[in-house]
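Student: Sharing a structure, written as structure tokens. Questions coming.
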Amino acid sequence: MASTNRSIGLPAYQRIQGSIRRRIEAGDLRTGEAVPSERDLAKLHKVSLMTARHALATLEREGVVERRRGIGTFVSAPKIHFNKLMSYTEQMASRNMTAGSKVLFGRIIDNEQEANARLSLSPKSSVLKLERLRHAAGEPFALETCYLSAAQFSGLLAAPLDQESLFGVLERDFHVELGYADEEVDATGADSRTADLLGIPRREPLLRIRQVIFSTTGKAILYVLGFYRSDRHNLVIRRFR
């Protein structure tokens, strides 16, 4: 009954995704086994074929399932994604963990010169600043501060960002197609506030990642400054010669 209650109010495609994830986690669907077809899912969940297709397409992008043309859709083997742009929610899901968020700050502000520059906005532009503590499995994992154009995304503050993926809200409610990110990664020590929020000693090593996330048309949509616990994260890079 609890899982049913959690599904109330979710978009139909997310309910379908949730049902497939639960079957995989329970072992009812194993690696290499076939997932119900779009037509079967549409019939089972009483939704349109397009909604069922969207649910499977999203799971495919996340690496949960894989489609084989002319054969069907199958459960993927767990894998590490190289150079794949995923939200923190999607990253946790790929590790069979459910991400949560606590919104620490959400407001439209002025005089954020670095954010304006990163987002290619004029120096006098207002930005929406969103700071969230990200957690999973009952412990804090990361502290992320996101900046977006206030002129374009002021309505974002009304979204339940303590419960939903920011990427998902941007794609669903604002029709933004996220394409790629430029990232700067370095190491830093946790200051007093960050250490307290993450439950780690002061000056504990952290991964600091600055991301500018672009739409598929090349427009800067989101600037993210994130601090990630080094004991819970690693960065995997594939290089070619």
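Student: Is it fair to say residue 124 is loosely packed, with under 15 Cβ neighbours inside 10 Å, without any contact (Cβ under 8 Å) to a residue 60 or more places away in the chain and among the basic types (Lys, Arg)?
Tutor: Yes.
Student: In addition: Answer yes or no as to whether residue 52 is surrounded by 14 or more Cβ atoms within 10 Å (Cβ to Cβ) and either touching an Asp or Glu at 6+ places or on another chain (Cβ under 9 Å) or at pLDDT below 90 (or both).
Tutor: yes
Student: Looking only at the range 3-43, which residues are modelled with pLDDT under 85 and of a type in the set (Val, Ile, Thr)?
Tutor: 4, 8, 31
Student: Oh, and also: Quick check on residue 96: is it outside any helix (DSSP H, G or I), open to solvent by 40 Å² or more (accessible area, probe 1.4 Å), within 19 Å of residue 221 (Cβ to Cβ) and at pLDDT below 75?
Tutor: Here the answer is no, as residue 96 does not meet what is asked.
Student: Look at the range 62-73 and say how many of its residues are surrounded by 13 or more Cβ atoms within 10 Å (Cβ to Cβ) and either at pLDDT below 85 or farther than 20 Å from residue 93 by Cβ (or both).
Tutor: Counting residues in the range 62-73 that are surrounded by 13 or more Cβ atoms within 10 Å (Cβ to Cβ) and either at pLDDT below 85 or farther than 20 Å from residue 93 by Cβ (or both) gives 4.
The values are calculated or read from the model by the stated rules, or taken from the named source; none is laboratory data. In this text the structure is predicted, and so the values were computed from the model without any measurement. Methodologically, a virtual Cβ is constructed for each residue, glycine included, from the backbone with ideal geometry; neighbour enumeration extends over all protein chains shown. These accessible areas exclude ligands, DNA and RNA; they are computed on the full protein's heavy atoms, side chains included. Shrake-Rupley method; radii C 1.70, N 1.55, O 1.52, S 1.80 Å.
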